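Everything on this sheet refers to the single structure shown next.
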Amino acid sequence: MPLVTSTEMFRKAYEGGYAIGAFNVNNMEIVQGITEAAKEVNSPLILQVSAGARKYAKHVYLMKLIEAAIEDTNLPICVHLDHGDSFEVCKSCVDGGFTSVMIDGSKHSFEDNIALTKQVVDYAHAHGVVVEGELGKLAGIEDDVNVSEEDAQFTNPAEVEEFVERTGVDSLAIAIGTSHGAFKFKGEPRLRFDILDEISKRLPNFPIVLHGASSVIPKYVDMINANGGNMPGAQGVPEDMLRKAAGMAVCKINIDSDLRLAMTGTVREYFAQHPDHFDPRQYLSPARANIKELVKHKIINVLGSNDKI
C-alpha cells in the first residue's frame, strides 16, 4: 500500500466521532512499536516527523523506515511534517515524499500567518499534499518550538473562518489549553471546550487538530523518577478530556511526550536492574514493547480509531 494523505482518514473520523493518532517518530524502535500496535488493532495512522527528528535521524532514513513499516504492516499511513516553520522546510518535505505538512505561522501576525500558510498550501496542493495550519499559540517546549505561558494564546473563534477561506488549509491546529512537553498544567487540568464548540460551529465538517496532547502517563514518569530521574509535578491532559475532544470536531491528536517517557522510563529501569548489560538490543526491545503497549492503549481507549480501516 502506498503512503496516503489524511483527507479520507479525517472524513471518516469526523463522521464517526473519533480521532486519528499522530505519533512522532525518531528511530526504528519507535516506528516499529507504533506501527505494530496499529496493525494489531486495525487502525489508520499518521506518523509525524519534526524538524528535530529530521536533524537527528535524517530525512532519508526516516522515510525508508516508514516505507519498511508499510511493507511490513500494509497499513494506510500518512507521513506528516510536524511544526514546519518556513516555506522552505515544507517544500523540502513535499519534495521528499511527505503526504502532509504543517506550516506553523502562529508566531506571526494574523496577516503574515495567512500569507505564509497560503504560500505553502499553493505549493503542496499542486503536488497532491495536504496542509495543516495553526491559529493560537500553545505554551511549552518541543524541539524547536518554545512558547512561554505569558506568550500563549487561545485560538480566537472569530478568526477561523477567514483563515481557512483565505489559505485553503485542509485542517487547523487550535489552542484550547493543551501545551507541549510533560508539564502541561500547574493546577487542575482544563480544556476550553467552549472554544472548540464555537470553532466547530463556524467550521462545520472541518477537521480540527490538537497539539500537545500527551497524557504523561504516571506509570512511565514513576519509572523515570524511581531510577535516577527528576520529574516532580509532571502532568498531562486527562485522557477523558481527549476522548471528549475526539467525539467533537477534533480529528487528529498529536502524541509525542508519552512516547519519549515510555522509552526513557523503560531504558532507565532496565539499566537499574541490569547495570552490567551493554547490548542495545537488550534495552531497546522492552522499550519498543512499551511503546507498542502505549500506542494500543491510546488507539483503543482515547482515540477510538481501532477497527476503522
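Scanning segment 164-210 for residues that are over 20 Å from the mean Cα position of the chain (by Cα), in a loop (DSSP other than H, G, I, E, B) and over 21 Å from residue 17 (Cβ atoms) yields 168, 186, 187, 188.
Could you go through segment 274-294 and let me know if any residue there is touching a residue at least 12 places away in the same chain (Cβ under 8 Å) and not in a helix (DSSP H, G or I). Among the residues of segment 274-294, not one is touching a residue at least 12 places away in the same chain (Cβ under 8 Å) and not in a helix (DSSP H, G or I), which makes the answer no. For segment 86-125, the candidate set comprises residues that are among the aromatic types (Phe, Trp, Tyr) and either within 24 Å of residue 61 (Cα to Cα) or at pLDDT below 95 (or both); within that set, the residue that is nearest to the chain's Cα centre (by Cα) is 98.
Among the residues of segment 37-55, count how many are assigned to a strand (DSSP E or B) and in contact (Cβ under 8 Å) with a residue 40 or more places away in the chain. Give the steps one after another, and end with the answer.
As a first pass, look at segment 37-55 and keep what is assigned to a strand (DSSP E or B): 45-50.
Cutting the leftovers down to in contact (Cβ under 8 Å) with a residue 40 or more places away in the chain gives us 46, 48-50.
Looking only at that region, the number is 4.
When segment 56-65 is limited to residues that are of a type outside the set (Ser, Thr, Tyr) and part of a helix (DSSP H, G or I), the one that is surrounded by the most Cβ atoms within 10 Å (Cβ to Cβ) turns out to be 62. Within segment 227-238, residues that are in contact (Cβ under 8 Å) with a residue 24 or more places away in the chain and farther than 19 Å from residue 253 by Cβ sit with their Cβ atoms under 7 Å from residues that are open to solvent by 40 Å² or more (accessible area, probe 1.4 Å) and not in a strand (DSSP E or B), at 6+ positions apart or across chains, in these pairs: 227/268; 227/269; 227/272; 228/268; 229/268; 231/225. Among (1) part of a helix (DSSP H, G or I); (2) among the aromatic types (Phe, Trp, Tyr); (3) buried (at least 23 other Cβ atoms within 10 Å of the Cβ), which single condition is residue 14 missing? Only one criterion is unmet by residue 14, namely (3). If you go through segment 217-257 and pick out every residue that is of a type in the set (Asp, Glu) and surrounded by 24 or more Cβ atoms within 10 Å (Cβ to Cβ), you end up with 1.
The values are calculated or read from the model by the stated rules, or taken from the named source; none is laboratory data. Bear in mind that the values here come from a model prediction, so they are computed numbers and not experimental data. Because the Cβ atoms are built from the backbone with ideal geometry, glycine has one as well, and the counts that use them run over all protein chains shown. With ligands, DNA and RNA removed, areas are computed over all heavy atoms of the protein, side chains included. Shrake-Rupley method; radii C 1.70, N 1.55, O 1.52, S 1.80 Å.
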